[in-house]
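The values are calculated or read from the model by the stated rules, or taken from the named source; none is laboratory data. These numbers come from a predicted model, not from an experiment. Here the Cβ positions follow ideal geometry from the backbone for every residue, glycine too, while neighbour counts run over all protein chains shown.
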Amino acid sequence: MEQINFLIERLPRFLDGAWVTVQLTIGGAALAFVLAMVFGIMGSVGHWLPRAVSTIYVEVFRGIAALVLMFWMAYALPIATGFQLEDRFAAILALGLNVGAYGAEVVRSSINAVAKSQIEATVALNFSWFQRMRLVVVPQAWAQMLPTFGNLVIELMKATAVAYLIGVADLAAVAQQLREATGETVVAYSGALILYYLIAQVLILGMRLLERRANRKLGRIPSGGQGLLSLLRAPTIGTKVGVAK
Amino acid sequence: MNIWDFEWTFEVLPDLLGGLWTTVQITVVAYLMALVLGLVISMARRVPIFGSILHFVMEFIRTTPLVMQLVFVFLLAPSTVSGMTVGVLVLGVHYSAYTAEVYRSGIEGVAKGQWEAARALSLPAHRTWGAIVLPQAIRKVIPALGNYLIAMFKDTPLLFAIGVAELLTEAQRVGSADFRMVEAFTLVGFLFLVVSIPSAILIRRLEKRYVAV
């Protein structure tokens, strides 16, 4: 009972932290999405130069852990260049660059998986490269990317927790502060973990809605069935950030 | 003060390599744990009720941050337990939530006829699993399991949060002592690439070999 009161009393603080976590997740995901699209499409074109640039980006930023990137931006960059990034911005940049590299691989392989006959059809219709991408290739690849993107977003949200190590006041930092102030380790950390879990569930639901929409637009029946309850189906097998695809 | 001091870089390299060695050791032990525990969990999940509870617990572990789990367990553990032990245990359990899913997909991929054949031969459960199901299931998921080794290696910097002297912690220590953060953290990034790029290539080879079979 006491523990529950403790949690309720400090709920506003937890929510403040959770809000920062959500901001980091949205910011990181937005950056990762743009990078994934740009480098993924570059990786799928015929010319060697954009492909090489894409490969270098993917291998470098996939190979270095997000936390290492974050430390580099928070502590090395100011000394090397004289610019001090705001710590929240440094966290978003590191997460976006890291997850974007995984995303680029997903985009590239989804684009390459679009049926050859579809490409041939666009050639027959004399589409420009841009028309082909926008009207035919990307909408089909999109439906295939989404399940993996969903897993990447969850991994990104989990990875935001390391930002407290460079001084961002996110949910993890709130748990630490509450513990230091009150000594209630179990309550402080369980509360934060439950909030993380809830954020993840919301993200999973949102990604499933997107998936259904993408499939319906292509005239496909969503894999989990059509009713609202199908949104609660067991998640697809986890693709972890750090897993080469 | 110039930006990059080569002399200093070579001076601290042994310290960083020591950190890297710790990182590798932790990864290997935790990975072996995740391999075994994941298999046990994927089989235990087939038990009614208990399996559902286990599924929820694993889902909770998989959707909450690893760094929080590390710190939480470290704070709860008695002070005699080292950060290294906590790190290996938590990493192992966290990743077993992923490997269990991989094994599950492998087990579900075994053709129904194989189960039926085992039943027709009235093989006991341990023979059905040991001689029929697992050899087929595991073979198919080897590349997927290999990917988690690299993933885990890239999660070891999180042990910084509980003070284990792995690569990032060592870099922070030597870097802040001499105020040479640029070299320290750039070296860490470089060392990560040195390990993770070749291992990624290796896994891709493995993948080709097993997927082709």
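Per-residue answers, yes or no, for (1) without any contact (Cβ under 8 Å) to a residue 60 or more places away in the chain; (2) not in a helix (DSSP H, G or I):
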residue	(1), (2)
A:N151	no, no
A:V162	no, no
A:A169	no, yes
A:A173	no, no
A:Q176	yes, no
A:E180	yes, no
A:Y196	no, no
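Checked against (1) within 11 Å of chain A (Cβ to nearest Cβ); (2) among the polar types (S, T, N, Q); (3) in contact with a Lys or Arg (Cβ under 8 Å, 6 or more places away or on another chain), B:S42 passes all but condition (1). Remark: B:V28 falls outside the filter, which requires a residue to be within 14 Å of the chain's Cα centre (by Cα), in contact (Cβ under 8 Å) with a residue 12 or more places away in the chain and surrounded by fewer than 18 Cβ atoms within 10 Å (Cβ to Cβ).
Between B:E166, B:E207, the distinction of being touching a residue at least 12 places away in the same chain (Cβ under 8 Å), among the acidic types (D, E), touching a helix residue (DSSP H, G or I) at 6+ places or on another chain (Cβ under 7 Å) and within 30 Å of B:V110 (Cβ to Cβ) belongs to B:E207 only. With respect to A:L93, is the statement that it is more than 11 Å from every other protein chain (Cβ to nearest Cβ) and farther than 30 Å from A:W129 by Cα true? It is true that A:L93 is more than 11 Å from every other protein chain (Cβ to nearest Cβ) and farther than 30 Å from A:W129 by Cα. Could you tell me whether A:A74 is touching an Asp or Glu at 6+ places or on another chain (Cβ under 9 Å), in contact (Cβ under 8 Å) with a residue 40 or more places away in the chain and not charged (D, E, K, R)? Criteria met by A:A74.
Looking only at the range B:108-121, decide whether some residue is of a type in the set (A, V, I, L, M, F, W, C), within 14 Å of chain A (Cβ to nearest Cβ) and buried (at least 16 other Cβ atoms within 10 Å of the Cβ). The answer is no; no qualifying residue exists. Just one residue in the set B:I197, B:I150, B:I162, B:I142 is within 9 Å of chain A (Cβ to nearest Cβ) and surrounded by 16 or more Cβ atoms within 10 Å (Cβ to Cβ); that residue is B:I150.
The criterion of being surrounded by fewer than 20 Cβ atoms within 10 Å (Cβ to Cβ), within 12 Å of chain A (Cβ to nearest Cβ) and either within 21 Å of A:G63 (Cα to Cα) or of a type outside the set (A, V, I, L, M, F, W, C) (or both) does not hold for B:V182.
From the list A:A65, A:A32, A:A80, A:A36, the one residue that fits, being out of contact with any strand residue (DSSP E or B) (no Cβ under 6 Å at 6 or more places or on another chain), among the hydrophobic types (A, V, I, L, M, F, W, C), surrounded by 22 or more Cβ atoms within 10 Å (Cβ to Cβ) and modelled with pLDDT under 90, is A:A65. Filtered by the rule that a residue be more than 7 Å from chain A (Cβ to nearest Cβ) and surrounded by 16 or more Cβ atoms within 10 Å (Cβ to Cβ), the range B:56-65 gives B:M58, B:E59, B:I61.
Residue by residue, here is whether (1) crowded, with 24+ Cβ neighbours inside 10 Å; (2) more than 16 Å from A:G17 (Cβ to Cβ) holds:
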{"position": "A:V138", "(1), (2)": "no, yes"}
{"position": "A:G150", "(1), (2)": "no, yes"}
{"position": "A:L156", "(1), (2)": "yes, yes"}
{"position": "A:Q177", "(1), (2)": "no, no"}
{"position": "A:V186", "(1), (2)": "no, yes"}
{"position": "A:Q201", "(1), (2)": "no, yes"}
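Of all residues in the range B:67-105 being among the small types (G, A, S), part of a helix (DSSP H, G or I) and without any contact (Cβ under 8 Å) to a residue 60 or more places away in the chain, which is nearest to the other protein chains (Cβ to nearest Cβ)?
Taking the range B:67-105 first, the residues among the small types (G, A, S) are B:77, B:79, B:82-83, B:87, B:92, B:96-97, B:100, B:105.
Applying the additional criterion that residues be part of a helix (DSSP H, G or I) yields B:83, B:87, B:92, B:96-97, B:100, B:105.
Those still in the list that are without any contact (Cβ under 8 Å) to a residue 60 or more places away in the chain too: B:97, B:105.
Values: B:A97: 8, B:S105: 5 Å.
In this case the residue turns out to be B:S105.
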